[in-house]
Amino acid sequence: MRFSQAFIPTLKEKPAEAEIPSHTLMIRSGMLRKLGSGIYSYLPLAKKVINYIETIVREELDDKGCQEILMPVLHPRELWEMSGRWAVYGPELMRLTDRHDREFALGPTHEEVITLIAKYDIKSYKKLPINLYQIQTKFRDEIRPRFGVMRSREFIMKDAYSFDKDKAGLQKSYDDMYDAYSRIFARCGLKSVAVEADVGAIGGSSSHEFMVLAETGESEVLHCECGYAATSENAKIAPFDDHSSEDMKELAKIHTPDRKSVEEVSAYLGVLPEKLIKTIVYKADDGFVAILIRGDREINNVKLANFLQCLNLEFATEQEIENIVKSVAGFVGPVGKKKIKIYADENLKSAKNMVTGADELDYHYKNVNLERDAHIDKWVDLVQAVEGDLCPKCGKPMTSFRGIEVGQIFQLGDKYSTSMEATYDAEDGTAIPYQMGCYGIGITRTMAAAIEQFHDKDGIIWPISISPYEVELINLSPAEEDITSFCDNVYEMLQDVFIDVLYDDRDEKAGFKFKDADLIGIPIHIIVGKKNFENEMVEIKIRKTGEKITCAFDDIVEKVEQLIDDLYEEIDKNVE
RNA sequence: CGGGAUGUAGCGCAGCCCGGUAGCGCGCUUCGUUCGGGACGAAGAAGUCGCCGGUUCAAAUCCGGCCAUCCCGACCA
């Protein structure tokens, strides 16, 4: 492609709306333009990257025997009522009404549609297992779209659905997808890691998220050298140090005037925050509960919501604490008989001689020993894991990094097949619900994640496997006829050997073209300037390292082919 | 939805407090010079000042309402 003909509207200045590198760079490099909040047009460079990512996805999935289909974006309300998700999916489901007042959703995911397809047309065990996928625009009415394509309301996603006869089959399909995903992200040139994940609203049992490592990632991942890795919201931990060796002391009420927070009480009494127990009252779906957590730690809301099996979870108000719990905000505690259920983080089980609220204004208890002084309805893992916590598998301290979630795989089991009465006929003729799995990859998010992982102050540094072009040929002297006709020639020769090349033939200053080339981030630049030209040489620059090599005219094609091979080899060695 | 901000030329912004009919930089068009890290000169095109209403002789500017966009928090590929 000649740059002079290409639609690549680059920008010198940073756009006001962009916060993170991928967003800024996609706009500046002429890949992306905004239409509305969380709604974007993909210009030619972006579309090429998307195509390359999709090609890798298709190749790897097809290799596992998956088959591509295309399902509708528009879903009738009745379909979502079959699974019960019209009600539970919540405001994130983009809903609309047609001229006859019929209600529809714009599909955020396609479990319902695919299950219906299977229900009608995959009736025999002989047809199983089967895995169907699509690459489709998805809609999610995000509370707050941000970071450009990273969290948008409309995005391109690959979603696959597996159907198996039994759990063992599902496990096999799941393992295949796990393997395919690892290969896909590696082939995209990305450093990624699979972590244990929360199943969230989709439901089901086992799940992994694939995270691309990047400082700007929205998720914190805890991992251990033994291989354990999980998002911080989902991470389990080995119990922290206990105090079981202490003797239980006598319970005592102490005056703590106007000291409510952990910091205040801990400073006033001269004890460490870890000797305090916070008692937090929540309003859950079916009533109020009190949760106990060590003073220096936080409650993990995902764990709590999962444990309580509830959709809405909020703090009780001061009024509710007074009226329902018969206590005082800031001084709530577990000692004595209570009207509501009390659940304690299991790490408190061995804690001795703790400080808690005394359910009375300006008073706390000291020397509280939960098993002696309180009634705990259940001990549960509720703590938010942090860096330094011990690995649940091997007990070593875990470290943390940030990541961008680019894919997630789930074992759904028979959740949808049962609710939608989708069954196959087994060998003995009985109707059995499919065992299903679902597997997503955010295509456009993967593109953004690649930029987050690979950029510098000058612009994007594309991994060659998903780069919009493999080579950028830069003519620094378009006014010189001999140089230009030479460049035209090189352009032809490269195309003849199927190298995808962007040819900067524009009548612009050298610096201008260099800046654009660095910004756009094509991995290999061939620079044709006057001085080198007179010596029958060109310069080849590697975008990633900045390394510049000179190359004789006759060797250009061979050298470039070799450099391309090297870059692919570097990627391939990380593909299992 | 709560908190904070912004809306003026394609992009980035000033002007608003103190009302008098719009300006700067980049980009764009033409010409000339320049030509290895976002050149210079000259000439030019381009804006219903987010929308609706109010106050006023007069509104980008003051007042009210609405809309949109962005940032911080709770959700997710």
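Any idea how many residues of region A:511-538 are under 40 Å from the mean Cα position of the chain (by Cα) and within 12 Å of RNA strand B (Cβ to nearest atom)?
14
Would you tally the residues in region A:116-131 being part of a helix (DSSP H, G or I), in contact (Cβ under 8 Å) with a residue 24 or more places away in the chain and touching a helix residue (DSSP H, G or I) at 6+ places or on another chain (Cβ under 9 Å)? Here the count works out to 4. Evaluating A:S467 against the criteria (1) over 17 Å from A:E561 (Cβ atoms); (2) polar (S, T, N, Q); (3) in contact with a Pro (Cβ under 8 Å, 6 or more places away or on another chain) leaves one unmet condition, (1).
Quick check: anything in region A:473-492 hydroxyl-bearing (S, T, Y), over 30 Å from A:Y133 (Cβ atoms) and within 16 Å of RNA strand B (Cβ to nearest atom)? Checked against the condition, which is being hydroxyl-bearing (S, T, Y), over 30 Å from A:Y133 (Cβ atoms) and within 16 Å of RNA strand B (Cβ to nearest atom), region A:473-492 yields at least one hit. A search for C-beta distances below 8 Å between a residue of region A:19-35 that is part of a strand (DSSP E or B) and any residue that is near RNA strand B (Cβ under 8 Å from one of its atoms) and open to solvent by 40 Å² or more (accessible area, probe 1.4 Å), counting only pairs 6+ apart in sequence or on different chains, returns A:K34/A:E17.
Considering the conditions (1) closer than 19 Å to A:E405 by Cβ; (2) more than 16 Å from RNA strand B (Cβ to nearest atom), A:M150 is excluded by exactly one of them, (2). Whenever a residue of region A:253-264 is assigned to a loop (DSSP other than H, G, I, E, B), its partners that are open to solvent by 80 Å² or more (accessible area, probe 1.4 Å), lying with C-beta atoms within less than 7 angstrom and at least six residues away or across chains, give the pairs A:T256/A:Y268; A:R259/A:Y268. Only a single item in (1) within 29 Å of A:K341 (Cβ to Cβ); (2) over 24 Å from the mean Cα position of the chain (by Cα); (3) crowded, with 16+ Cβ neighbours inside 10 Å is not met by A:E371, and it is number (3). Being open to solvent by 50 Å² or more (accessible area, probe 1.4 Å), touching a Pro at 6+ places or on another chain (Cβ under 7 Å) and either assigned by TED's automatic domain parsing to the domain that holds A:Q408 or at negative phi (or both) narrows it down to one of A:D101, A:D141, A:D121, A:D164, so name that one. Exactly one of A:D101, A:D141, A:D121, A:D164 is open to solvent by 50 Å² or more (accessible area, probe 1.4 Å), touching a Pro at 6+ places or on another chain (Cβ under 7 Å) and either assigned by TED's automatic domain parsing to the domain that holds A:Q408 or at negative phi (or both), namely A:D141. For region A:1-23, taking the residues that are more than 11 Å from RNA strand B (Cβ to nearest atom) and touching a helix residue (DSSP H, G or I) at 6+ places or on another chain (Cβ under 9 Å), the one that is most open to solvent (accessible area, probe 1.4 Å) is identified as A:F7.
One line per residue, one yes/no per condition, for (1) in the same structural domain as A:L412 (by TED's automatic domain parsing); (2) more than 16 Å from A:K64 (Cα to Cα); (3) in a strand (DSSP E or B):
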site	(1), (2), (3)
A:D159	yes, no, yes
A:Y178	yes, no, no
A:L190	yes, yes, no
A:E209	yes, yes, yes
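Taking region A:428-525 and the helices (runs of 4 or more DSSP H) fully enclosed by it, the elements with 2 or more residues that are β-branched (V, I, T) and crowded, with 22+ Cβ neighbours inside 10 Å are at A:443-453.
Against the list (1) assigned to a strand (DSSP E or B); (2) open to solvent by less than 10 Å² (accessible area, probe 1.4 Å), the condition A:V149 fails is (1). Filtered by the rule that a residue be within 13 Å of RNA strand B (Cβ to nearest atom) and either within 18 Å of A:V490 (Cβ to Cβ) or open to solvent by less than 80 Å² (accessible area, probe 1.4 Å) (or both), region A:541-552 gives A:K541, A:I542, A:R543, A:G546, A:K548, A:I549, A:T550, A:C551.
Take A:L563 and tell me if it is within 7 Å of RNA strand B (Cβ to nearest atom), within 36 Å of the chain's Cα centre (by Cα) and open to solvent by less than 40 Å² (accessible area, probe 1.4 Å).
So A:L563 fails the test.
Candidates A:I443, A:I461: the one that is touching a residue at least 12 places away in the same chain (Cβ under 8 Å) and within 12 Å of RNA strand B (Cβ to nearest atom) is A:I443. Within region A:64-98, the set of residues being acidic (D, E), over 20 Å from A:M157 (Cα atoms) and open to solvent by 60 Å² or more (accessible area, probe 1.4 Å) comprises A:E78, A:E81. Take region A:167-198 and flag every residue that is of a type in the set (V, I, T) and open to solvent by 30 Å² or more (accessible area, probe 1.4 Å). Result: A:V193, single match.
Any chance region A:393-409 includes a residue that's assigned to a loop (DSSP other than H, G, I, E, B), open to solvent by 10 Å² or more (accessible area, probe 1.4 Å), touching a strand residue (DSSP E or B) at 6+ places or on another chain (Cβ under 7 Å) and not basic (K, R)? Scanning region A:393-409, I find no residue that is assigned to a loop (DSSP other than H, G, I, E, B), open to solvent by 10 Å² or more (accessible area, probe 1.4 Å), touching a strand residue (DSSP E or B) at 6+ places or on another chain (Cβ under 7 Å) and not basic (K, R), so the answer is no.
Pairs linking a residue in region A:501-527 that is over 18 Å from A:I466 (Cβ atoms) to a residue that is more than 10 Å from RNA strand B (Cβ to nearest atom) and open to solvent by 10 Å² or more (accessible area, probe 1.4 Å), with Cβ atoms under 7 Å and 6 or more positions apart or on different chains, are A:Y503/A:M1; A:Y503/A:R2; A:Y503/A:Y491; A:D505/A:R2; A:D505/A:S4; A:R506/A:S4. When A:I69, A:I56, A:I39, A:I50 are checked against the criterion of being among the hydrophobic types (A, V, I, L, M, F, W, C), more than 25 Å from A:S467 (Cα to Cα) and touching a residue at least 60 places away in the same chain (Cβ under 8 Å), A:I69 stands alone in meeting it.
The values are calculated or read from the model by the stated rules, or taken from the named source; none is laboratory data. Source: prediction; values computed, not measured. A quick note on method: Cβ atoms are made from the backbone with ideal geometry, for glycine too, and the neighbour counts reach across all protein chains shown. All accessible areas refer to the heavy atoms of the entire protein, side chains included, with ligands and DNA or RNA removed. Shrake-Rupley method; radii C 1.70, N 1.55, O 1.52, S 1.80 Å.
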